[in-house]
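The values are calculated or read from the model by the stated rules, or taken from the named source; none is laboratory data. Not measured: the values here are computed from a predicted model. Please note: Cβ atoms are built from the backbone with ideal geometry, for glycine as well, and neighbour counts cover all protein chains shown. All accessible areas refer to the heavy atoms of the entire protein, side chains included, with ligands and DNA or RNA removed. Shrake-Rupley method; radii C 1.70, N 1.55, O 1.52, S 1.80 Å.
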Amino acid sequence: MKRELFSEVHDDFRASFRNFIETEGVPQQEKWEAQGFTSREFWSRAGELGFLGFQAAEEYGGLGVRDFRFNAVIDEEVARCGLATDGFSLHNDIVAPYLSEYASGRQKERWLPGFVNGTLITAIAMTEPGTGSDLARITTTARESNGTLILSGAKTFITNGHMADLVLVLARTSVGGLSVVAVERGTPGMTQAPPLHKVGRKAQDTAEVIFDDVRVPGDNLIGEPDRAMDLIKRNLPQERLAIAVTALASTERALAIGKRYAIERETFGRPLFKHQTVLHSFAEMNTDLEFARSHIDRCILALNEGVLTPEEAAAAKYRTTDIEGDVIDRVLQLHGGYGYMEEMPIARMWRDARVQRIYGGANEIMKEIVGRGVFA
Ligand SMILES: Cc1cc2nc3c(=O)[nH]c(=O)nc-3n(C[C@H](O)[C@H](O)[C@H](O)COP(=O)(O)OP(=O)(O)OC[C@H]3O[C@@H](n4cnc5c(N)ncnc54)[C@H](O)[C@@H]3O)c2cc1C
């Protein structure tokens, strides 16, 4: 079905972002995958061209545009070209509200201009070696002492953790309270470790960040003390929808790759798609994509209207990432032995997609949220 979601302005934005990513991102893929992170130039070029922090008010360099369709265009195009980096999504979809909505005026002045022009790469550090799904149990602390916050603890699996210039840290500020504290790159005591060796998404840096009595001004606290969970909850629908959007764009790419192969490859004297089980498999995969896409497009509009519920976002995240995993696995199978070869795009997609069911809230946790909603 034709998507009704986007207008001409989104289409123009898509064309311009696609051109940028294809000319300045894709050719660097091998290098970035080998080193485990992208480049600062890539970020500053993205900022220069208006692809970062467009939500921020004009006085900070942004466009004051709060329309998730622009975020979706970026997420879709990154997935469409197979680059498998989450950096921009992390910056635009997850960190942006903390800086453009929840931050104080002074904090906005300090950080938003760089956030928008791509010279201030951001990360958000919640997960710890001992706990991920159960954030209430985090042990990193931020003790207050004479107007200074002193952070101690360790975070792991942090997207952009190696490159980030500003890390938003979820830390315990009282027995029952968590807060978000911003820590700038180079602050004594903060170690941003080299990228972790992941199974996939290798061009994306994911790193440990360690805090050893890191001292920052009390002014670096974002939002109210002890109220971090309120901010996190407000932002979760957007974070989860971004993963769903990425999942469907990647599903679409896998289907296109599979379709080409099913036409070209012959077995038993005919192209693969002429075997009925293969044809039916494509019917199922295409139907799953089409149904999911109509629903996710509605979710995007609901998010724009501020009415997407946590349960709806959780359902969107787990269902679309399950579809993504299923379709990519089936298309890999269709390629036979070639599908298992490192240089085949579908093999790379298979590795890259697996984590979509784990991060952003593991799919089991999503089902917990949806299930509880059913009985609420
Ligand atoms: C590539 C990558 C990027 C990431 N980026 C970030 C980031 O930028 N910032 C950040 O803070 N974190 C990030 N994470 C961390 C990610 O969000 C966590 O890994 C995820 O939330 C799961 O937490 P965990 O790994 O501690 O697993 P655990 O919480 O230990 O869970 C282990 C398994 O048990 C299941 N499980 C847990 N509780 C239940 C339950 N009640 N019922 C049924 N099953 C359950 C989970 O679903 C999971 O499958 C990233 C992770 C990866 C791999």
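For the stretch 118-138, a residue qualifies if it is among the hydrophobic types (A, V, I, L, M, F, W, C) and either within 17 Å of Gly361 (Cα to Cα) or part of a helix (DSSP H, G or I) (or both), and the qualifying residues are Ala123, Ile124, Ala125, Met126, Leu135, Ala136, Ile138. Here Ala84 clears all of (1) of a type in the set (A, V, I, L, M, F, W, C); (2) at pLDDT below 95; (3) farther than 15 Å from Lys202 by Cα except the condition numbered (3).
State the number of residues belonging to the stretch 355-376 that are within 9 Å of the ligand (Cβ to nearest atom) and open to solvent by 40 Å² or more (accessible area, probe 1.4 Å). Counting residues in the stretch 355-376 that are within 9 Å of the ligand (Cβ to nearest atom) and open to solvent by 40 Å² or more (accessible area, probe 1.4 Å) gives 8. Lys259 - would you say it is open to solvent by 20 Å² or more (accessible area, probe 1.4 Å), touching a Ser or Thr at 6+ places or on another chain (Cβ under 8 Å) and under 30 Å from Gln356 (Cα atoms)? When the stated conditions are applied, Lys259 does not pass them.
With respect to Arg40, determine if the residue is among the basic types (Lys, Arg) and over 20 Å from Val73 (Cα atoms). Spelling it out, Arg40 is indeed among the basic types (Lys, Arg) and over 20 Å from Val73 (Cα atoms). Say whether the condition of being closer than 29 Å to Ile158 by Cβ, modelled with pLDDT of 95 or more and within 16 Å of the ligand (Cβ to nearest atom) is met by at least one residue in the stretch 288-306. No, the stretch 288-306 has no match at all.
Among the criteria (1) within 16 Å of the ligand (Cβ to nearest atom); (2) touching a residue at least 12 places away in the same chain (Cβ under 8 Å), the one Phe70 does not fulfil is (1). Mind listing whichever residues of the stretch 143-157 are under 18 Å from Glu208 (Cα atoms) and of a type in the set (A, V, I, L, M, F, W, C)? Result: Leu151, Ala154, Phe157.
Residue check: is Val175 modelled with pLDDT under 95 and either in contact with a strand residue (DSSP E or B) (Cβ under 8 Å, 6 or more places away or on another chain) or away from the ligand (no atom under 11 Å from the Cβ) (or both)? Judged against the criteria, Val175 is a match. Only residues that are open to solvent by less than 20 Å² (accessible area, probe 1.4 Å) and either assigned to a strand (DSSP E or B) or more than 11 Å from the ligand (Cβ to nearest atom) (or both) were counted in the stretch 141-171, giving 14. Those residues that are of a type in the set (Gly, Ala, Ser), in a loop (DSSP other than H, G, I, E, B) and within 18 Å of the chain's Cα centre (by Cα), I need them from the stretch 191-217; list them, please. If the condition is that a residue be of a type in the set (Gly, Ala, Ser), in a loop (DSSP other than H, G, I, E, B) and within 18 Å of the chain's Cα centre (by Cα), then Gly200, Ala203 are the ones that fit.
For the stretch 179-190, the condition holds for no residue, the condition being that it is within 13 Å of the ligand (Cβ to nearest atom), without any contact (Cβ under 8 Å) to a residue 60 or more places away in the chain and outside any loop (DSSP other than H, G, I, E, B). Return yes when Glu311 is charged (D, E, K, R), open to solvent by 10 Å² or more (accessible area, probe 1.4 Å) and touching a helix residue (DSSP H, G or I) at 6+ places or on another chain (Cβ under 6 Å) and no when it is not. So Glu311 passes the test. Among the residues making up the stretch 105-125, a single one is surrounded by fewer than 21 Cβ atoms within 10 Å (Cβ to Cβ) and either β-branched (Val, Ile, Thr) or within 8 Å of the ligand (Cβ to nearest atom) (or both): Thr119. If you go through the stretch 317-334 and keep only what is within 17 Å of Glu264 (Cα to Cα) and either at pLDDT below 95 or open to solvent by less than 10 Å² (accessible area, probe 1.4 Å) (or both), you end up with just Val331. With respect to the conditions (1) near the ligand (Cβ under 9 Å from one of its atoms); (2) open to solvent by 20 Å² or more (accessible area, probe 1.4 Å), Glu128 falls short on a single one, namely (2). Which residue pairs have Cβ atoms closer than 8 Å, lie 6 or more positions apart in sequence or on different chains, and pair a first residue in the stretch 139-167 that is more than 19 Å from Arg110 (Cβ to Cβ) with a second residue that is among the basic types (Lys, Arg) and near the ligand (Cβ under 10 Å from one of its atoms)? Listed pairs, sorted by first residue: Thr140/Lys155; Gly161/Lys155. What about Arg69, is it surrounded by fewer than 24 Cβ atoms within 10 Å (Cβ to Cβ), closer than 30 Å to Ile257 by Cβ and of a type in the set (Lys, Arg)? Against the criterion (surrounded by fewer than 24 Cβ atoms within 10 Å (Cβ to Cβ), closer than 30 Å to Ile257 by Cβ and of a type in the set (Lys, Arg)), Arg69 qualifies.
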